[in-house]
Amino acid sequence: MGGASPAHDARRILEALQSVVLGQEAATREALICLLARGHVLLEGVPGTAKTLLVRTLALALQVRFQRIQFTPDLMPADITGVSLLSGTHEFTFRPGPIFADLVLADEINRAPAKTQAALLEAMQERTVTVDGTGHHLSDVFTVFATQNPIEFEGTYPLPEAELDRFMMKVLFGYPAAALEQGILARYVAGFEADRPNTYGVTAVMDAAGLERLRRAADAVRVEPQIMAYITSIIRATREAASLTLGRARAPAWRCSRLRARSPCWRSGITPFQTT
């Protein structure tokens, strides 16, 4: 698996996603780009627009470990990272939490208070979890896909800037077209169930090693200096705009260059004429 060209492999992953997630072509493409760029993704849309389905399908296509965490007001940081338990030998043993997976779905992330959201900060930035002074490394594939509902605000906690800064992109999910929505209903009548992955009909495109090869190929894409200058000018303009209360730091500029270079179109290089 994953032995073809990088462009072919990327398209195969995209086709696997879009064979299950109907009517969300832009969202599936953007989510895949972020994954290849080693970035975390904030998925925003009303309930029932296939946000969870997208991540489940991606895990199946890549043969990686998937874990869903339902964020609630009473969720504690240790429920995410794990805890140290006293064993029968009077020694503490670390029991990993659900964050120790490859693709982690933080479902309705804004329903948990800030202290619980903060449990993700170190993991998303350093890909490490520290419990009782001991660091535990996460997998190389580790990526957080967080969802939030843009309509409902009762019982929610806005994501702080430090948390938002960890996400490479916010991917928007809307309602599908009428014809596609009818097709979705027909699939459910035929036996498809979103909570039963065995009904997706998805076969593995590659494994974790294949994804890492794909990421390395993306890292090799050349970005012209003019593009770097263009991105820098945009970031600096946000610091001077009177309509913005907080300008962007260097990290978004770095992310913009990574996103631009990692489109599944797979060009050998990116020039100023290819940025639109």
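What is the chain by shape, rounded, prolate or oblate, if you read a ≥ b ≥ c off the alpha carbon gyration tensor as root eigenvalues and call it rounded for a/c under 1.5, prolate for a/b larger than b/c, and oblate otherwise? Since a/c stays below 1.5, the shape of the chain is classed as rounded. This ranking places F192, F153 by how few other beta-carbon atoms lie within 10 Å of each, fewest first, which gives F153, F192.
Annotation: extensible slack from Q226 through S243 equals 3.4 nm (criterion: 0.36 nm per residue apart, minus Cα-Cα distance). The gain in end-to-end length when the D195 to E25 segment is fully stretched comes to 59.1 nm, 0.36 nm per residue minus the alpha carbon separation.
Dipole orientation for the range 110-255: of the candidates T128, I227, L244, I227 has the Cα lying most toward the positive pole (charges on Cβ; Lys, Arg +1; Asp, Glu -1).
Considering only N149, T81, A37, the residue lying farthest towards the positive end of the dipole of the chain is A37, judged by Cα position with unit charges set on Cβ.
Given R0 = 22 Å, the distance between the Cβ atoms of N149 and Q67 translates into a calculated FRET efficiency of 0.60.
Between T130 and A209, the modelled labels are 3.4 nm apart [label points 7 Å from Cα along Cα→Cβ]. Among beta bridges identified by DSSP and lying wholly in the range 6-220, the antiparallel ones come to about 35 percent.
Normalised by the number of residues in the chain, the average gap of Cα pairs under 8 Å and 6 or more apart makes the relative contact order 27 percent. Look at Y175, Y157 and count the other Cβ atoms within 10 Å of each Cβ; fewest to most, that gives Y175, Y157. A Förster distance of 45 Å, applied to the separation of the beta-carbon atoms of L172 and F94, puts the FRET efficiency at 0.75. When the square roots of the Cα gyration tensor eigenvalues are ordered a ≥ b ≥ c, the ratio a/c for the range 166-227 is 1.5 or more and a/b does not exceed b/c, which makes its shape oblate. Among 177-183, 56-62, 115-121, the peptide with the highest mean count of other Cβ atoms within 10 Å heads the list, and the full ranking is 56-62, 115-121, 177-183. Once each part is reduced to its C-alpha centroid, what is the distance from the range 146-212 to the range 106-136 in angstrom? If we compute the Cα centre of each part, the gap is 21 Å. A Förster distance of 35 Å, applied to the separation of the beta-carbon atoms of D140 and A118, puts the FRET efficiency at 0.90.
No lab work stands behind these numbers, since they all come straight from the coordinates. Because the structure is predicted, anything quoted here is derived from the model rather than measured. Neighbour counts are summed over all protein chains in view; Cβ atoms, including those assigned to glycine, are modelled from backbone coordinates with ideal geometry.
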